[in-house]
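The values are calculated or read from the model by the stated rules, or taken from the named source; none is laboratory data. Just so you know, these numbers come straight off a predicted model, no measurement behind them. Here Cβ is always computed from backbone atoms with ideal geometry, including for glycine, and neighbour counts include all displayed protein chains. Heavy atoms of the whole protein, side chains included, go into the accessibility calculation; ligands, DNA and RNA do not. Shrake-Rupley method; radii C 1.70, N 1.55, O 1.52, S 1.80 Å.
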Amino acid sequence: DWSSDVCSSDLLDVILPELHDPATGRIDGRKLADHIGVPLKRLAEGLRLNYKAAHRAPSALAFQRGFKPVKRIAEILHEFFPKSELARVWLNTPHPDLDRQTALELILANKPDAVLRLLENAVAGVPV
């Protein structure tokens with residue numbers, strides 16, 4: 001049976017499910033902001049999202065596109081650093097491959113894709 005070869009429980013794992021709204025299953029911006037160690041206001045404004053609306057409905061569908069790359073960053077960091085404190089240290093440490101900026105600075109400047117690319121390359125073993 002081919003399905004036993006292809007289907008693995010790892011494929012169905014949700015990493016950091018606690019960052020999602022249990023009612024909708026969507027990423028909760030407030031929980032995501034707490035996880036990376038910044039206020040929701042700072043995350044929302046950094047991602048060019050309407051803070052007042054995000055405060056009222058932190059898991060609204062309209063915010064998911066902005067939150068997805070940040071959630072993926074959190075997932076990858078969780079794989080490297082199971083303790084969220086260490087992930088926050090990494091986020092706040094200047095990195096040579098990010099022009100000596102911190103990953104958090106780039107995320108809050110609406111450039112999470114640069115951080116995500118760096119982390120995905122590290123996971124894949126691709127040199128930067």
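Summary table
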| quantity | calculated |
| --- | --- |
| Carbon + sulfur, % of accessible area of the chain - ligands and nucleic acids excluded, 1.4 Å | 54 percent |
| The chain - mean residue ellipticity at 222 nm from DSSP helices (-39,500 (n - 2.57) per run, n ≥ 4, rounded to 500) | -15500 deg cm²/dmol |
| Residue range of the chain that is longest and free of trypsin sites (Lys or Arg not before Pro) which are both DSSP loop and sparsely packed (at most 10 other C-beta within 10 Å) | 1-47 |
| Whole-Å semi-axes of the ellipsoid equivalent to the chain (Cα gyration tensor, √5λ, descending) | 24, 22, 12 |
| Placed amide H near HIS20: partners under 5 Å, 5+ positions off or other chain | ASP28 |
| Region 74-128 pair-distance distribution - Cα-Cα, 5 Å bins, rounded % | 5, 20, 31, 30, 14, 1 |
| Around GLU120: net Lys/Arg minus Asp/Glu count, Cβ-Cβ under 11 Å | 0 |
| Relative contact order %, the chain, counting alpha carbon pairs below 8 Å whose residues are six or more apart | 20 percent |
| Shape of region 39-95, Cα gyration tensor, a/c cut at 1.5 | prolate |
